[in-house]
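Notes follow the structure.
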Amino acid sequence: MEWSKAKTILICLLLIVNLLLGANALITIRERDTRETETVRSAVELVRSRGVELPEEKLLTLPQTMTGAVFTRDVEQERAAAEGLLGPCGEVQPGGGIYEYGSEKGQIVFRSGGYVEIDWTSAEAPDLTAFLTSAVSERAEVREEGGVYRLWLDGLPAAGAVVEPKGDGGWSGSWVFGAVRGTEASQVSRASMILALGTAASDLGYDSLDDVEAACVLTALPSGDVRLTPAWHAVSGSEGFYVSALSGELLAQ
Amino acid sequence: MREKLKSFLLVLLSLSAAALFGLNLLLALDNSRFARVRRTLGLTDERGASVVIADESAVLTPARLGVLGPGGLYLAAGTAADELLGETLPILSEALGSVSRIEAIRQQQFLDRLEGQGIYCSFTYPVPFFLLQYWWTGELGLADQQAASAMVLTVEDGRVELAFYDGAQERFYLAETAAGYQRLSALCARYDSPNAFFACQSDGWQMLPLWEPVWIGEVWYPSYAVTALDFTQEGAISKEILSAFSVNPYLAKVYKTTEGDVVYVEGRTALQFSRDGSVAYTSQDEQGLHLDLREGLSERELRAYAAARSRALLQDVCSAASTRMSLSVARSTVDERGVVTVAFEQAAGGAFVTGEDGYAAVVTVENGAVTGIRMRLLALTQLQDVKLLPYRLASSLLPEKCDGVFVRYGSGDGRLTPGLYVMKGGASRGME
């Protein structure tokens with residue numbers, strides 16, 4: 001009987017403690033979000049005072065953290081993808097990280113830094129979506145529009161990861177053929193990103209930005225691997241630029 | 001039944017209380033404290049990004065790098081040179097790795113290629129071609145006679161060819177490559193705003209070699225504030241730095257010299273840290289820092305591998321000291337005893353830094369192990385950009401004949417300032 005009473009008291013106490021802790025956590029999260037939003041608005045105001053107008057409400061919808069990845073080139077994966085498209089094929093390695101695969105259907109050349117060239121001779125149209133999908137990880141998605149294939153990573157467009165028709169009837173472009181070597185999480189706050197965005201816009205001669213969206217940018221590394229850097233893509237009219245969410249620096253694209 | 005329910009509720013509430021307590025604790029720690037914790041655990045670098053990337057910079061940095069676009073030569077200046085190197089290195093690497101045949105050509109054939117489209121780069125010294133191949137591709141090539149002082153990777157008629165000038169032999173060479181002409185053409189098409197020309201393309205530059213680039217307009221380079229890492233301060237020598245040199249802080253004897261330098265001695269290894277950021281490491285060969293070089297390597301293999309691996313070791317030291325130094329191989333020699341000496345220059349903002357004693361670091365490798373390191377660890381902070389002396393004005397100060405004009409950083413008053421340096425007979429002197 002005594003133990004039962006003690007349990008009841010303990011349950012009541014724990015309920016109160018949990019309520020207090022829960023309320024405290026909620027208030028803290030809310031305060032933090034409010035503070036973050038205020039900081040974002042202050043940053044936008046600061047950038048505005050420097051003569052660059054930013055889409056404030058859009059900036060508040062951007063993710064607070066973003067993740068990029070480095071993909072190690074996987075020659076086996078490339079070979080499997082080539083065989084999937086060409087069927088049984090011959091292989092040539094001229095050096096310099098170049099791998100050429102050929103069959104009666106056509107030829108595929110994989111180069112370092114994710115660059116691929118496809119020459120197609122067969123009358124049967126190639127299934128490039130399947131070819132490009134087979135090469136990328138589960139986090140990625142292939143989207144095709146008007147014969148141009150683009151890569152999306154974690155729901156974000158990967159700038160520079162594009163395979164498009166080339167002049168002589170084939171396709172070429174940069175893609176990700178490999179396994180994730182590691183990930184890079186953004187630690188730059190949204191406010192810092194806004195200041196970096198404002199500086200970049202000012203340096204590039206923009207006085208207003210129409211839109212800003214989360215994206216990632218493909219970079220070929222000297223080792224032949226590929227990096228997808230999380231970034232903010234700023235749009236002004238028909239032009240745009242990317243700012244790295246890892247460093248706040250302007251990315252060449 | 002009721003008691004059982006109470007017990008279950010009690011356990012549930014206890015667990016949720018613990019979880020909520022943890023959540024509150026996490027929320028109470030602000031981001032900066034998290035960052036500090038993560039840094040302490042070695043999970044983040046200075047910028048806060050998760051550490052997953054090994055050093056991806058090139059073992060050798062070209063002194064000048066440009067793109068021959070549709071309108072002419074775009075020569076990268078300042079930090080743009082670093083960005084351009086990242087962009088062009090995959091193509092240069094592909095070309096160097098797929099060189100099939102090297103043949104001698106005439107000077108005019110080399111100059112003709114400067115009129116086309118492609119990538120141009122040059123070095124402050126003739127780099128043996130096989131070393132260049134290894135340092136930029138990771139594959140040791142077969143060429144052992146030639147060296148490259150200036151080279152141009154051209155794209156024409158669907159072919160990519162590599163033409164280069166060997167300053168050691170004063171000869172010109174051409175090599176076919178399997179590099180992708182579409183990728184190179186696309187790169188060249190993007191650089192349609194020329195800012196430079198070659199000496200052969202204009203009158204009045206007879207004092208320069210014909211293939212030397214000349215900037216047309218204003219050229220800006222960043223200046224830097226230099227802070228030497230003062231190792232005599234308390235806590236300046238971290239366990240990470242000692243670990244990079246394989247020195248055990250608990251086993252090593254530590255003493256101070258009369259100048260205040262801190263010296264660690266462990267067995268037959270000595271490691272000395274100075275107030276001006278200098279680090280000197282000496283060891284007997286069997287106790288040195290092993291570079292995983294197998295026995296029986298040829299001289300060319302030794303030169304190639306020792307330089308690349310020594311550089312990786314030095315970059316680890318820089319990383320352990322929380323400073324970033326971009327080191328580029330300036331010299332790699334092997335003596336008759338098989339001792340390899342590798343000297344490194346520091347690159348910053350698209351140019352090399354002229355060190356007080358010539359090099360940023362010198363490494364000695366004996367029997368596959370590093371037995372000597374001399375380096376100076378500096379922290380650079382980028383300051384405002386500085387305009388260089390316009391080439392037109394500089395031309396009046398040039399000697400009648402010289403080997404080239406390079407941008408280099410000179411140090412003084414705790415600052416690195418860019419200036420034009422004239423190369424003549426392998427030596428250089430500053431102009432401003």
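The values are calculated or read from the model by the stated rules, or taken from the named source; none is laboratory data. Not measured: the values here are computed from a predicted model. Cβ placement follows ideal geometry from the backbone for every residue including glycine, while neighbour counts extend to all protein chains displayed.
Restricting attention to segment A:167-181, which residues are more than 11 Å from chain B (Cβ to nearest Cβ) and out of contact with any Ser or Thr (no Cβ under 7 Å at 6 or more places or on another chain)? Write out each step before concluding.
Start the filter on segment A:167-181 by keeping residues that are more than 11 Å from chain B (Cβ to nearest Cβ), which leaves A:169, A:175-179.
Matches in segment A:167-181: A:Gly169, A:Trp175, A:Val176, A:Phe177.
From B:Leu140, B:Leu65, which residue is touching a strand residue (DSSP E or B) at 6+ places or on another chain (Cβ under 9 Å) and on the phi < 0 side of the Ramachandran plot? Step through it out loud before you land on a result.
Working: B:Leu140 fails: touching a strand residue (DSSP E or B) at 6+ places or on another chain (Cβ under 9 Å).
Residue meeting the stated conditions: B:Leu65.
Of the residues in segment A:19-71, how many are within 14 Å of chain B (Cβ to nearest Cβ) and touching a residue at least 60 places away in the same chain (Cβ under 8 Å)?
Summing the residues that are within 14 Å of chain B (Cβ to nearest Cβ) and touching a residue at least 60 places away in the same chain (Cβ under 8 Å) in segment A:19-71 gives 10.
Quick one: in segment A:82-101, of everything that is of a type in the set (Gly, Ala, Ser), more than 11 Å from every other protein chain (Cβ to nearest Cβ) and closer than 20 Å to B:Ala178 by Cβ, which residue is surrounded by the most Cβ atoms within 10 Å (Cβ to Cβ)?
To start, the set of residues in segment A:82-101 that are of a type in the set (Gly, Ala, Ser) comprises A:82, A:84, A:87, A:90, A:95-97.
Remaining after also requiring more than 11 Å from every other protein chain (Cβ to nearest Cβ): A:82, A:84, A:87, A:90.
Then keep just the ones that are closer than 20 Å to B:Ala178 by Cβ; that gives A:82, A:90.
Values: A:Ala82: 28, A:Gly90: 10.
Only one residue tops the list, namely A:Ala82.
So is A:Ala43 surrounded by 13 or more Cβ atoms within 10 Å (Cβ to Cβ), touching a Cys at 6+ places or on another chain (Cβ under 8 Å) and assigned to a helix (DSSP H, G or I) or not? Write out each step before concluding.
Details: surrounded by 13 or more Cβ atoms within 10 Å (Cβ to Cβ): yes; touching a Cys at 6+ places or on another chain (Cβ under 8 Å): no; assigned to a helix (DSSP H, G or I): yes.
For A:Ala43, the condition - surrounded by 13 or more Cβ atoms within 10 Å (Cβ to Cβ), touching a Cys at 6+ places or on another chain (Cβ under 8 Å) and assigned to a helix (DSSP H, G or I) - is not met.
Given the conditions (1) away from chain A (no Cβ under 13 Å); (2) surrounded by fewer than 21 Cβ atoms within 10 Å (Cβ to Cβ), which single one is not true for B:Glu139?
Checking B:Glu139 against (1) away from chain A (no Cβ under 13 Å); (2) surrounded by fewer than 21 Cβ atoms within 10 Å (Cβ to Cβ), the one that fails is (1).
Kindly indicate which of A:Ala23, A:Ala69, A:Ala82 is in contact with a Cys (Cβ under 7 Å, 6 or more places away or on another chain) and either among the aliphatic types (A, V, I, L, M) or under 18 Å from A:Gly248 (Cβ atoms) (or both). Walk me through how you get there before you give the answer.
Details: A:Ala23 fails: in contact with a Cys (Cβ under 7 Å, 6 or more places away or on another chain); A:Ala69 fails: in contact with a Cys (Cβ under 7 Å, 6 or more places away or on another chain).
Just a single option satisfies the conditions, and that option is A:Ala82.
Quick one: B:Glu176 ticks every box in (1) surrounded by fewer than 18 Cβ atoms within 10 Å (Cβ to Cβ); (2) assigned to a helix (DSSP H, G or I); (3) over 27 Å from the mean Cα position of the chain (by Cα) except a single one, so which number is it?
All conditions are met except number (2).
Identify the residue in segment B:142-164 that is exposed (fewer than 14 other Cβ atoms within 10 Å of the Cβ) and within 16 Å of B:Ser98 (Cβ to Cβ) and, among all such residues, is nearest to the chain's Cα centre (by Cα).
B:Leu142
For residues that are of a type in the set (Asp, Glu) and either over 15 Å from B:Val422 (Cα atoms) or in contact with a Leu (Cβ under 6 Å, 6 or more places away or on another chain) (or both), tally how many sit in segment B:196-219.
First, the residues of segment B:196-219 that are of a type in the set (Asp, Glu): B:203, B:212, B:218.
Among the residues that remain, those that are also either over 15 Å from B:Val422 (Cα atoms) or in contact with a Leu (Cβ under 6 Å, 6 or more places away or on another chain) (or both) are: B:203, B:218.
Qualifying residue count for the region: 2.
Looking only at residues that are in contact (Cβ under 8 Å) with a residue 40 or more places away in the chain and surrounded by fewer than 16 Cβ atoms within 10 Å (Cβ to Cβ) in segment B:186-206, which one is nearest to the other protein chains (Cβ to nearest Cβ)?
Step one: filter segment B:186-206 for residues in contact (Cβ under 8 Å) with a residue 40 or more places away in the chain, giving B:187-198, B:200-201, B:204-205.
Filter again for surrounded by fewer than 16 Cβ atoms within 10 Å (Cβ to Cβ), leaving B:189-190, B:192-193, B:204.
Values: B:Ala189: 12, B:Arg190: 10, B:Asp192: 15, B:Ser193: 15, B:Gly204: 34 Å.
Top of the filtered list is B:Arg190.
Being over 15 Å from the mean Cα position of the chain (by Cα), within 14 Å of chain B (Cβ to nearest Cβ), buried (at least 17 other Cβ atoms within 10 Å of the Cβ) and of a type in the set (D, E, K, R) narrows it down to one residue among A:Glu117, A:Glu78, A:Glu184, A:Glu164; which is it? Break it down into steps so the answer makes sense when it comes.
Working: A:Glu78 fails: within 14 Å of chain B (Cβ to nearest Cβ); A:Glu184 fails: over 15 Å from the mean Cα position of the chain (by Cα); A:Glu164 fails: buried (at least 17 other Cβ atoms within 10 Å of the Cβ).
When all the criteria are applied, what remains is A:Glu117.
Output the residues belonging to segment A:167-181 that are within 14 Å of the chain's Cα centre (by Cα) and part of a strand (DSSP E or B).
At the first step, the residues of segment A:167-181 found to be within 14 Å of the chain's Cα centre (by Cα) are A:175-176, A:180.
Selection gives A:Val180 alone.
Across segment A:205-253, which residue is nearest to the chain's Cα centre (by Cα) among those that are of a type in the set (A, V, I, L, M, F, W, C) and away from chain B (no Cβ under 14 Å)? Step through it out loud before you land on a result.
Applying the first criterion (of a type in the set (A, V, I, L, M, F, W, C)) to segment A:205-253 yields A:209, A:212, A:214-218, A:220-221, A:226, A:228, A:231-232, A:234-235, A:241, A:243, A:245-246, A:250-252.
After this cut, where a residue has to be away from chain B (no Cβ under 14 Å) as well, the list is A:209, A:212, A:214-215, A:232, A:234-235.
Details: A:Leu209: 21, A:Val212: 14, A:Ala214: 8, A:Ala215: 5, A:Trp232: 10, A:Ala234: 14, A:Val235: 17 Å.
Among those residues, the one meeting the criterion is A:Ala215.
Identify all residues within segment B:111-129 that are buried (at least 21 other Cβ atoms within 10 Å of the Cβ) and part of a helix (DSSP H, G or I); write none if there are none.
Once the filter is applied, which keeps residues that are buried (at least 21 other Cβ atoms within 10 Å of the Cβ) and part of a helix (DSSP H, G or I), segment B:111-129 yields B:Arg113, B:Phe129.
Take A:Phe131 and decide whether it is surrounded by 15 or more Cβ atoms within 10 Å (Cβ to Cβ), of a type outside the set (S, T, N, Q) and at pLDDT 90 or above. Talk me through it step by step, then tell me what you get.
On the way: surrounded by 15 or more Cβ atoms within 10 Å (Cβ to Cβ): yes; of a type outside the set (S, T, N, Q): yes; at pLDDT 90 or above: no.
Answer is no for this residue.
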